[in-house]
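Here's the structure we're looking at; comments come further down.
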Amino acid sequence: MSEFITPNKKAARIQTAVCGFLFSIFSFVYLYVFQHDVLEAIHYSLAHGKTHYVPLASALIVTAILLLLRWGVNSLLGLKGEIRALSYFPSCLVLGAMTDATRSIYMQNHHTSWTWLLPTLILLFIVITYWLRRVFRLKLNTEVPPLALFNANLVILFLLFLMTILIGNSNRAFHHELEAERYMREHQYEDVLKVGRYSAEATRTLTALRAMAMAHQGTMGEELFLYPQYYKSEGLFFDNDSLKTLRYTNDSVYYMLGVRPRFGESHQELLRNICYKGTGKHVALDYYLSSLLLDKDLDSFAKGLTDFVDADAELPRYYNEALILYKDKHPEASIAVTDSAMIRRYDAFKERRLQFSFPSEERKNMRKEYGDTYWWYFQYQK
């Protein structure tokens, strides 16, 4: 009899070790790689920014605590056989709940339904599982082949992993915003601009953060249209709705500009008044000129350049592209564009537009070839 039991006990121990190893790897990678920014945001919210977040240590500590939780649950319920891996349910549930963060995480009155839902679900799991274990005691005590033991527990474990992923916040745009804000707070402006760089998706918050990073680097005129611009000049500012922003708000932009808007004053009016009255900081000029480009107001842009920029000054890329477009629409204008290579590319841009029969085909192909130019934005971005 002992010769028959020993291999199964050995298989059970191996299966327990394998499941523990797989859970540890999953938990660490999930926290350290995929939910790194969410955990940092949770830490910042709970500590009010007074302590430093250490990603590696946090992932290891949380994983260790969840393993202890699993050990406690299994000691209480005595799960074994083909359902031993169910003891990871509370740990996976906690893992998912703690990463189910939303934009309201930084609000003072922030609360989540997980506060009551998590302990309720864990308590229900313990009660139901304990009752089922008593009902099916004989079946659970029946020995099964080692392969069936492994397969059953691995299936349960991977289903629990899937549950964790589905519960946690996996919204890519939200993660991009959190990551960009973290870099912004650390004054790593180049890294801010690397976040989601090759994605066509860009929320207003991410767009405003990119604008701030460019303004700090003085590269707005060189890089603005390397990124999707869906919000016109309002994309330079954050949404006024606090549920659509995170740590950075328009107060951050106003501080950088050096002036707050008066009651009823639009952002465009604010930027214009700063420049023409000289009441703010130097970054306001790039904000003002860029806002005119985003609103496709080439006449005001050309006037702004004449009013604030020396005629012999070297202009950044997108200012030059806008001037070429302005000159094409106003041949009589006295503004001169001397970049012959850029002029040739603009001529090629105009010729290429004539080679398509359908607007949708034209927009798609022109974006592939000229999507990083101001000309594409002016002609195709709605």
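Computed from Cα positions, the angle between helix 359-370 and the longest principal axis of the chain comes to roughly 90 degrees. Computed from backbone phi with θ = phi - 60° and the Karplus coefficients 6.51, -1.76 and 1.60, the 3J(HN,Hα) list for segment 325-336 is 5, 5, 5, 5, 7, 9, x, 7, 5, 7, 5, 10 Hz; x is used for glycine and proline.
Farthest towards the positive end of the charge dipole of the chain, among the residues Y276, Y318, A47, is the Cα of A47, using unit charges on the Cβ of Lys, Arg, Asp and Glu. Classified by the C-alpha gyration tensor, segment 181-380 has an oblate form. Its axis ratio a/c, with a ≥ b ≥ c, is 1.5 or above, and a/b does not exceed b/c.
Under the classification rounded if a/c is under 1.5, otherwise prolate if a/b is larger than b/c and oblate if not, where does segment 2-170 fall, given a ≥ b ≥ c as square roots of the Cα gyration tensor eigenvalues? Walk me through the numbers on the way to the answer.
On the way: a/c = 2.90, a/b = 1.96, b/c = 1.48.
Because a/c hits 1.5 or more and a/b exceeds b/c, segment 2-170 counts as prolate.
Measuring nothing but how far apart in sequence close Cα pairs (under 8 Å, 6+ apart) lie, relative to its length, segment 43-100 scores a relative contact order of 24 percent. Specify the angular offset, from 0 to 90 degrees and rounded to the nearest 10, of the alpha carbon long axis of helix 146-167 from the longest principal axis of the alpha carbons in the chain. On a 0 to 90 degree scale, this one is about 40.
Calculated mean residue ellipticity at 222 nm for the chain: -20500 deg cm²/dmol, from DSSP H runs with n ≥ 4 weighted as -39500 (n - 2.57), summed, divided by the residue count and rounded to 500.
Would you work out the charge dipole size for segment 148-211 about its Cα centre, treating the Cβ of every Lys and Arg as +1 and the Cβ of every Asp and Glu as -1, and quote it to the nearest 20 debye?
Numbers: 7 positive and 7 negative charges, 21 e Å.
Once rounded to the nearest 20, the dipole reads 100 debye.
Top mean-square fluctuation among V73, V259, V337, Gaussian network model of the chain, C-alpha springs under 10 Å? Sorting by GNM fluctuation, first place goes to V337. Considering every alpha-carbon pair of the chain, the percent of pairs per 10 Å bin, from zero through the bin containing the longest distance, is 4, 19, 22, 17, 14, 11, 8, 4, 2, 0, 0.
Since only L67, T99, L31 are under comparison, the one whose Cα sits farthest along the positive direction of the charge dipole of segment 26-125, derived from C-beta charges on Lys, Arg, Asp and Glu, is L67. What you get for segment 48-201, charging only the Cβ of Lys and Arg (+1) and of Asp and Glu (-1), is a dipole of about 660 debye around the Cα centre. For segment 228-234, the Karplus equation 6.51 cos²θ - 1.76 cosθ + 1.60, evaluated at θ = phi - 60°, returns couplings of x, 10, 10, 10, 6, 5, 5 Hz by residue, with Gly and Pro reported as x.
None of the figures in this text is laboratory data; all of them are computed from the coordinates on show. Computed from a prediction, not measured in an experiment: that's the story for all the values here. Backbone-built Cβ (ideal geometry, glycine too); neighbour counts: all protein chains shown.
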